[in-house]
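Undergrad: The structure is given below, and queries will be raised subsequently.
A short reminder: the numbers here are calculations on the coordinates, not readings from a lab. Every value quoted in this text rests on a predicted model; they were computed, and no experiment measured them. Glycine also receives a Cβ, built like all others from the backbone with ideal geometry; neighbour counts cover every protein chain displayed.
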Amino acid sequence: MRKIIIYILFLLIPVAIDARDSDSESGKVVENDIYTVVNLVDTGLARDVFNLAVKGLKKLENEGKLQNPNIVTIADYSQSSNKKRLYVIDLKNRKLLFNTYVAHGRNTGDEFAKSFSNEEGSFKSSLGFYITEKPFVGSHTGFALLIKGVEKGFNDLAAKRAIIIHAAEYATEKFIKKYGRLGRSQGCPALPPEMNKPIIESIQGGTCLFIYNPDNKYICSSTLLN
């Protein structure tokens with residue numbers, strides 16, 4: 001009888017191990033799939049764009065350039081400016097903190113962002129990854145956030161161009177209803193006034209900002225995506 005029991009247990013052990021491994025793998029998929037957990041598909045943010053943002057963030061984190069790698073901000077300039085195309089995501093706690101409007105540069109396009117530049121005086125948006133710095137109060141912009149472009153040739157002149165995050169009355173739903181599209185900046189990712197301060201306070205101090213558009217030159221040349 002004892003031999004029979006031992007034999008049965010011997011047969012069941014591999015099954016138990018397989019089941020445990022299967023549960024572990026399943027849990028890993030659920031745990032790591034932040035895109036699904038946060039339900040980002042319903043917000044209009046494509047999975048591919050989210051994946052690119054996280055890919056660049058991880059490289060910046062590995063290089064020791066981020067003070068807070070738990071927060072990622074994505075400005076998805078592939079979407080219409082009439083859409084809420086700015087996303088602030090808490091990767092650690094798997095939460096969408098903010099989803100709102102964000103303006104692009106006046107020479108980048110009208111409703112849709114089509115042309116980008118790193119040149120001073122271009123009044124165009126610059127693509128790529130940025131690192132947020134500290135807030136300040138500007139004489140013309142009010143409460144704003146310094147951002148540092150870290151991709152040479154694409155956005156590394158952002159500081160020289162005074163590209164910052166700030167509030168703007170033209171970055172509102174009211175403006176869209178009046179003019180048929182969001183207003184445009186001089187190249188800054190401008191936010192609705194009521195969202196400006198809470199967003200800046202959430203992303204300041206060394207978090208990752210990714211300004212995206214499916215621009216072939218950028219996608220193929222970015223050192224953080226390739």
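Undergrad: Only Lys, Arg, Asp and Glu count, each charged at its Cβ (+1, +1, -1, -1), so figure out the dipole size of the chain about its Cα centre, rounded to 20 debye. Could the numbers behind the result be given before it?
TA: Working: 30 positive and 24 negative charges, 37 e Å.
Here the chain has a charge dipole of around 180 debye.
Undergrad: Tell me the mean residue ellipticity at 222 nm calculated for the chain from its helices only (DSSP H runs of n ≥ 4, each -39500 (n - 2.57), averaged over every residue, nearest 500). Don't skip to the end; give the middle numbers.
TA: Numbers: 6 runs with 75 residues, N = 226.
Calculated at 222 nm, the ellipticity per residue is -10500 deg cm²/dmol.
Undergrad: When each pair of different Cα atoms in the range 73-142 is counted once in the 1/r mean, what is the Kirkwood radius in angstroms, to one decimal?
TA: Details: mean 1/r = 0.0724 Å⁻¹.
Hydrodynamic radius (Kirkwood, Cα only) of the range 73-142 equals 13.8 Å.
Undergrad: Taking the alpha-carbon set of the range 40-221, what are its Rg and Dmax in Å?
TA: Expressed in Å, the Cα Rg and Dmax of the range 40-221 come to 14.7, 45.
Undergrad: Work out from phi, with θ = phi - 60° and the Karplus expression 6.51 cos²θ - 1.76 cosθ + 1.60, the ³J(HN,Hα) of each residue of the range 205-218, listed in order in whole Hz, and give x for Gly and Pro.
TA: Going residue by residue, I get x, x, 9, 9, 10, 10, 9, 10, 7, x, 7, 4, 4, 5 Hz, with x marking Gly and Pro.
Undergrad: Using 0.36 nm per residue of separation minus the Cα-Cα distance, give me the extension gain between Lys95 and Glu61 in nm, one decimal. Write out the running numbers ahead of the final one.
TA: Working: separation 34, 0.36 × 34 = 12.24 nm, distance 1.98 nm.
Length difference between fully extended and current span is 10.3 nm.
Undergrad: Also: From the phi of every residue in the range 55-62, what ³J(HN,Hα) in whole Hz does the Karplus formula 6.51 cos²θ - 1.76 cosθ + 1.60 yield, where θ is phi - 60° and glycine or proline is x?
TA: Going residue by residue, I get 4, x, 4, 4, 5, 5, 5, 5 Hz, with x marking Gly and Pro.
Undergrad: List the residues, sorted by chain then number, that are 5 or more residues from Ser185 or on another chain and whose placed amide H is less than 5 Å from its amide H.
TA: Counting only residues 5 or more places away or on other chains, the set is His104, Gly105, Arg106.
Undergrad: For the chain, what is the percent of antiparallel DSSP beta bridges, rounded to the nearest 5?
TA: 75 percent
Undergrad: Under the rule of at least 5 residues apart or a separate chain, name every residue whose amide H is placed under 5 Å from the amide H of Phe98.
TA: Those qualifying (amide H under 5 Å, at least 5 residues apart or on another chain) are Val88.
Undergrad: By how many degrees, between 0 and 90 and to the nearest 10, does the Cα long axis of helix 193-203 differ from the longest principal axis of the chain?
TA: With both axes taken from Cα atoms, the answer is about 50 degrees.
Undergrad: Then there is this: In the Gaussian network model of the chain, springs joining C-alpha atoms below 10 Å, which of His104, His166, His140 carries the largest mean-square fluctuation?
TA: His140
Undergrad: Determine, from the Cβ-Cβ distance of Glu194 and Lys160 and an R0 of 25 Å, the FRET efficiency 1/(1 + (r/R0)^6), rounded to the nearest 0.05. Could you put the intermediate results ahead of the total?
TA: Details: r = 30 Å, r/R0 = 1.20.
It comes to 0.25.
Undergrad: Could you list which residues have their amide H under 5 Å from that of Ala167, counting only those 5 or more apart in sequence or on another chain, with H placed in the peptide plane?
TA: Those lying under 5 Å, H to H, from Ala167 are Leu191.
Undergrad: Find how much the distance from Cys220 to Asp48 grows on full extension, using 0.36 nm per residue of separation minus their present alpha carbon separation; answer in nm with one decimal.
TA: Details: separation 172, 0.36 × 172 = 61.92 nm, distance 1.48 nm.
Answer, rounded to one decimal: 60.4 nm.
Undergrad: I need the calculated FRET efficiency for the pair Asn70 and Phe112, taking r as the beta carbon distance and R₀ as 30 Å, to the nearest 0.05.
TA: Values: r = 31 Å, r/R0 = 1.04.
Calculated value: 0.45.
Undergrad: Related question: As I understand it, the value is the acute angle between the Cα axis of helix 2-32 and the longest principal axis of the Cα atoms of the chain; what does it come to in degrees, rounded to 10?
TA: 0 degrees
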